2 protein chains.
Amino acid sequence: MRMRTYGQYCSVARALDVLGDRWTLLIVRELLLRGPSRYTDLRAGLPGIATNLLAERLRELERAGVLARRDAPPPVATALFELTERGQQLRSVLDALGRWGVPLMAEPAEHLQFRSHWLSYPVELFLLDREAQRPPETIELRTGGEPVCVQVAAGEVRVLHHAVERPHAVLSGTPQQVLGLLSGQLELEHARAEGLVYEGEERLLARVLGHRAPVSAGPRREGEPAAGDAVQVQ
Amino acid sequence: MRMRTYGQYCSVARALDVLGDRWTLLIVRELLLRGPSRYTDLRAGLPGIATNLLAERLRELERAGVLARRDAPPPVATALFELTERGQQLRSVLDALGRWGVPLMAEPAEHLQFRSHWLSYPVELFLLDREAQRPPETIELRTGGEPVCVQVAAGEVRVLHHAVERPHAVLSGTPQQVLGLLSGQLELEHARAEGLVYEGEERLLARVLGHRAPVSAGPRREGEPAAGDAVQVQ
DNA sequence: CAGCATCCGCTTTGATACTG
DNA sequence: CAGTATCAAAGCGGATGCTG
């Protein structure tokens, strides 16, 4: 049970010594998106992982100070896994990876697993509230599994992992259609022709669809290419 | 030779399908730090990699559009590997990983390999030119292997992977001492007591040592802890 | 020498079955 | 629910050999 290391005195290599094993960063993704979670909920959000691997990774991440095991309050009394402060700081890593991966989402997705809470990534990265003075509004996203809800309020966009009473709009379609629309790669007219259904005021969609940042690039740096590059999908 | 995938329709998972194999992100690190490189130079910057793995990873990254193979101009006429635009966009991922890994650099480093060009990460992440109106100046860093040179000019800090004629100052010590000083975790007085040698005006050091950002955290986000947290080193 | 390919023993992963 | 245990298959690390 020795820990495998690259053996390099470099901060990237040291970070990968902790995070580079298979499944590890996806476990962090789950904890970032869902907050403190039970073992079984983690498994549900990580289709394909072997249970022994999940257990081992959780042990390693606990040892590394990335997450902590906590006993849930009395009524449930089951163990919860949650990120430590150090673990929360991995958000910037996951954000960067998630941005870089968006162009890959244009590939065919038929044989891929999907969980609707994964939509939090594109949504919170690409949507913004362009009319902060308006009252709060919500859009329900239906992509096949559990619905999630985009909450727009006071300049902030958040994703709730459950339905709300009376959403102001409902967006239904395949994950690819919903993601294409929300990331700005697909126009509403075009998406509708493909079968996506949007029920609600178009104004509300315009409120959040800011075309805030180019989909294919990370944070801007001098010397890097401008927006609008061809999206390469291998 | 099938490609292994997580099988998840999530942009983080898709990114890791391309980047998640062992050594892959370190190869990208080398290409980001050194620019177009020969196979042999990549090997030298990746101590510990098996040569067949390097060849295989290069092939995979080429297929994924992250890097390209190019023939060097006539005099040398050897193959060069260089990042594509898509590959350059991984800088934000590597930056985030490198920042997150900095606290891990406080661990004992005796048995770790070191290459001085790896210092580019901490240096370009943590130093800044606080006196942009002053003429350009250079600091040579000597950590045992090849020296590298910090160039401060017109508000920018760059690292050159070779010596320069007459540096304005020279900083010599173990990688840990030099990194500790430059990242703001170690004060000059204290570092000197440990054996670090700085020859040059202290003013020049103050020009770049901005304590620009807290070492242990990534880009600030609301709800995240403030600077100055205890640095946890497992 | 640069740039790989092949072979082999070991480790990690994946799938499934089982347990308190 | 929250994991262990078991075992086959794939991946990795190290050594060595081949080719222009």
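Would a scan of region A:131-144 turn up a residue that is surrounded by fewer than 16 Cβ atoms within 10 Å (Cβ to Cβ) and in contact (Cβ under 8 Å) with a residue 60 or more places away in the chain?
Yes, region A:131-144 contains a residue that is surrounded by fewer than 16 Cβ atoms within 10 Å (Cβ to Cβ) and in contact (Cβ under 8 Å) with a residue 60 or more places away in the chain.
Of the residues that sit in region A:105-142 and are outside the structural domain of A:Glu202 (by TED's automatic domain parsing) and modelled with pLDDT under 90, which one is farthest from A:Arg207 (Cα to Cα)?
Top of the filtered list is A:His111.
Evaluate the following for A:Val18: is it facing chain B (nearest Cβ under 8 Å) and touching a residue at least 12 places away in the same chain (Cβ under 8 Å)? Show your work before the answer.
Numbers: facing chain B (nearest Cβ under 8 Å): yes; touching a residue at least 12 places away in the same chain (Cβ under 8 Å): yes.
Taking the combined requirement at face value, the residue satisfies it.
Condition test on A:Leu94, is it in contact with a Lys or Arg (Cβ under 8 Å, 6 or more places away or on another chain), more than 16 Å from DNA strand D (Cβ to nearest atom) and either more than 9 Å from chain B (Cβ to nearest Cβ) or at negative phi (or both)? Steps first, please.
Numbers: in contact with a Lys or Arg (Cβ under 8 Å, 6 or more places away or on another chain): yes; more than 16 Å from DNA strand D (Cβ to nearest atom): yes; either more than 9 Å from chain B (Cβ to nearest Cβ) or at negative phi (or both): yes.
When the stated conditions are applied, A:Leu94 passes them.
If A:Ala68 satisfies all but one of (1) at pLDDT 95 or above; (2) over 20 Å from the mean Cα position of the chain (by Cα); (3) within 13 Å of DNA strand C (Cβ to nearest atom), what's the number of the condition it fails?
(3)
Mind checking whether some residue in region B:96-117 is of a type outside the set (Gly, Ala, Ser), free of Cβ contacts under 8 Å to residues at least 60 places away in the same chain and more than 24 Å from A:Ala13 (Cα to Cα)?
No, the conditions are met nowhere in region B:96-117.
What number of residues within region A:22-43 satisfy the criterion of being farther than 19 Å from A:Gly101 by Cα and either among the charged types (D, E, K, R) or more than 15 Å from the chain's Cα centre (by Cα) (or both)?
8
Is one or more of the residues making up region B:146-159 within 14 Å of chain A (Cβ to nearest Cβ), under 30 Å from A:Ala64 (Cβ atoms) and basic (Lys, Arg)?
There is no residue in region B:146-159 that is within 14 Å of chain A (Cβ to nearest Cβ), under 30 Å from A:Ala64 (Cβ atoms) and basic (Lys, Arg).
Could you check how many residues of region B:100-117 are surrounded by 15 or more Cβ atoms within 10 Å (Cβ to Cβ) and more than 7 Å from chain A (Cβ to nearest Cβ)?
5
Which residues, taken from region A:68-91, are more than 12 Å from chain B (Cβ to nearest Cβ) and under 26 Å from A:Glu146 (Cα atoms)?
Residues satisfying the conditions are A:Ala72, A:Pro73, A:Pro75, A:Val76, A:Ala77, A:Thr78, A:Ala79, A:Leu80, A:Phe81, A:Glu82.
Please work out if B:Gly35 is over 30 Å from A:Phe114 (Cβ atoms), in contact with a Phe, Trp or Tyr (Cβ under 6 Å, 6 or more places away or on another chain) and either facing chain A (nearest Cβ under 10 Å) or of a type outside the set (A, V, I, L, M) (or both).
no
Cβ-Cβ below 9 Å, separation at least six or inter-chain, first residue in region B:43-67 and within 10 Å of another protein chain (Cβ to nearest Cβ) and under 18 Å from A:Tyr9 (Cβ atoms), second acidic (Asp, Glu) and more than 9 Å from DNA strand C (Cβ to nearest atom): which pairs?
B:Gly45/B:Glu30; B:Leu46/B:Glu30
Could you run through region A:116-144 and say how many residues are in contact with a His (Cβ under 7 Å, 6 or more places away or on another chain) and either in a helix (DSSP H, G or I) or under 16 Å from A:Gln185 (Cβ atoms) (or both)?
1
So A:Val76 fits all but one of (1) in contact with an Asp or Glu (Cβ under 9 Å, 6 or more places away or on another chain); (2) part of a loop (DSSP other than H, G, I, E, B); (3) loosely packed, with under 15 Cβ neighbours inside 10 Å; what number is the exception?
Here A:Val76 meets the rest and fails (1).
Suppose the filter is within 11 Å of another protein chain (Cβ to nearest Cβ), out of contact with any helix residue (DSSP H, G or I) (no Cβ under 7 Å at 6 or more places or on another chain) and modelled with pLDDT under 90; does B:His162 pass it?
When the stated conditions are applied, B:His162 does not pass them.
Go through region B:37-64 and count every residue that is farther than 21 Å from B:His161 by Cβ, in a loop (DSSP other than H, G, I, E, B) and either within 10 Å of DNA strand D (Cβ to nearest atom) or not hydrophobic (A, V, I, L, M, F, W, C) (or both).
Final tally of qualifying residues: 1.
Got a number for residues in region A:65-74 being within 11 Å of DNA strand D (Cβ to nearest atom) and in contact with a Phe, Trp or Tyr (Cβ under 7 Å, 6 or more places away or on another chain)?
1
Across region A:1-22, which residue is nearest to DNA strand D (Cβ to nearest atom) among those that are surrounded by fewer than 21 Cβ atoms within 10 Å (Cβ to Cβ) and in a loop (DSSP other than H, G, I, E, B)?
The residue in question is A:Arg4.
With small (Gly, Ala, Ser) and modelled with pLDDT of 95 or more as the only criterion, which of A:Ala169, A:Ala154 stands out?
A:Ala169
Out of A:Arg2, A:Arg43, which single residue is within 16 Å of DNA strand C (Cβ to nearest atom) and modelled with pLDDT under 95?
One residue alone meets the criteria, A:Arg2.
Identify all residues within region B:170-184 that are surrounded by fewer than 20 Cβ atoms within 10 Å (Cβ to Cβ) and within 20 Å of B:Arg130 (Cα to Cα); write none if there are none.
Within region B:170-184, B:Val170, B:Gly184 qualify.
Within region B:23-36, restricting attention to residues that are more than 10 Å from DNA strand D (Cβ to nearest atom) and part of a loop (DSSP other than H, G, I, E, B), which residue is surrounded by the fewest Cβ atoms within 10 Å (Cβ to Cβ)?
B:Gly35
The values are calculated or read from the model by the stated rules, or taken from the named source; none is laboratory data. Just so you know, these numbers come straight off a predicted model, no measurement behind them. With ideal geometry, Cβ positions are generated from the backbone for all residues, glycine too; neighbour counts draw on all protein chains shown.
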